[in-house]
1. Can you tell me which of V129, V117, V168, V133 is within 19 Å of G32 (Cα to Cα) and either modelled with pLDDT of 95 or more or within 16 Å of the ligand (Cβ to nearest atom) (or both)?
2. Out of region 117-154, which residues are of a type outside the set (A, V, I, L, M) and part of a strand (DSSP E or B)?
3. Restricting attention to region 17-45, and to residues there that are polar (S, T, N, Q) and within 16 Å of the ligand (Cβ to nearest atom), which single residue is farthest from G201 (Cα to Cα)?
4. Taking region 78-88, which residues are under 26 Å from R208 (Cβ atoms) and either assigned to a helix (DSSP H, G or I) or within 16 Å of the ligand (Cβ to nearest atom) (or both)?
5. Which of the residues belonging to region 136-148 are within 13 Å of the ligand (Cβ to nearest atom) and either out of contact with any Leu (no Cβ under 7 Å at 6 or more places or on another chain) or basic (K, R) (or both)?
6. Within region 149-162, restricting attention to residues that are closer than 18 Å to A125 by Cβ and in contact (Cβ under 8 Å) with a residue 12 or more places away in the chain, which residue is farthest from the ligand (Cβ to nearest atom)?
7. Could you list, ordered by first residue, the pairs with Cβ atoms under 7 Å in which the first is in region 173-200 and assigned to a helix (DSSP H, G or I) and open to solvent by 10 Å² or more (accessible area, probe 1.4 Å) and the second is within 16 Å of the ligand (Cβ to nearest atom) and of a type in the set (D, E, K, R), at least 6 apart or interchain?
8. Test each condition in (1) over 17 Å from L212 (Cβ atoms); (2) open to solvent by less than 40 Å² (accessible area, probe 1.4 Å); (3) away from the ligand (no atom under 16 Å from the Cβ); (4) more than 17 Å from the chain's Cα centre (by Cα) for R106 and report the one that comes out false.
Amino acid sequence: MPLLYHMNKNYDIKPNDESTNKKVVLLTFDDGPKEAKTINSIFDTLEKHNAKAIFFVNGYRIKEHPELLKLIQERGGIIGNHSWDHIVLKDKPYAAVKKQIEDVQRIVKEVTGETPVFFRPPHGAGGDVGKKVAAENGLLYMTWSNGSLDWTMGEKEAGKTGKIIKNVTDQLHSGSNILMHELPWTTEALDTLLTTLEGKGYGFVDPRSIELKVR
Ligand SMILES: [Zn+2]
């Protein structure tokens, strides 16, 4: 796949030249893999919109359900590293951070045969140590530039689809790196969200077309 895009220091996705569409967003889903039902629903919607996404996964969940990681791979998801335990990494010693990141590289490789190239620190807090270990493993380190705030919502809260769409569209800009989670209400909102983004003229960037170097 040609490398048409790169990520800038604000974690936005930018085209490499003027002939490439700049009005795009990157879709990401964090904290899985949790449930086949949710994962399949996300992919049904992504396929409908011809969209690809990064799934930032945690090692402890892969260990519990390696078959769900396989499912993400089989359905065409791009697997990213989100650390083993989903802990704040920035204040941890180098050796601990190295283990948190490299154990995930190893288990993803064991289960899927592929090694992640994208890394997102839990809570967006990797610090210099997280950046260093990511770089040592050839991982592109990113937080996000557009938060859906789906993680702040409760199960019984009303109107979550509308809130997710408002949160994303309020922050919407070319190259938005959109943070979502593998949550039932996000899954439910996804079709409307993607239709809304398309209606505003945005396309969905294929993560495999992003260079692995910030510039
Ligand atoms: Zn997370």
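The values are calculated or read from the model by the stated rules, or taken from the named source; none is laboratory data. Everything quoted here is computed from the prediction, not taken from an experiment. Virtual Cβ from ideal backbone geometry, glycine too; neighbours counted across all protein chains shown. These area figures cover heavy atoms from the full protein model, side chains too; ligands, DNA and RNA do not enter into them. Shrake-Rupley method; radii C 1.70, N 1.55, O 1.52, S 1.80 Å.
1. Values: V129 fails: within 19 Å of G32 (Cα to Cα); V168 fails: within 19 Å of G32 (Cα to Cα); V133 fails: within 19 Å of G32 (Cα to Cα).
None of the others qualify; the one that does is V117.
2. Within region 117-154, the first condition is being of a type outside the set (A, V, I, L, M), and the residues that meet it are 118-124, 126-128, 130-132, 136-138, 141, 143-148, 150-152, 154.
Of everything in region 117-154, those that are of a type outside the set (A, V, I, L, M) and part of a strand (DSSP E or B) turn out to be F118, F119, Y141, N146, G147.
3. Here is the first cut: in region 17-45, the residues polar (S, T, N, Q) are 19-21, 28, 38, 40-41, 45.
Filter once more, so that each one left must be within 16 Å of the ligand (Cβ to nearest atom): 28, 38.
Details: T28: 19, T38: 27 Å.
This residue is T38.
4. I79, G80, N81, H82, S83, W84, H86
5. From region 136-148, those within 13 Å of the ligand (Cβ to nearest atom) are 142-144, 147-148; that's our starting set.
Correct list: M142, T143.
6. For region 149-162, the residue satisfying everything is L149.
7. So the pair list comes out as W185/D150.
8. Just one mismatch for R106, condition (2).
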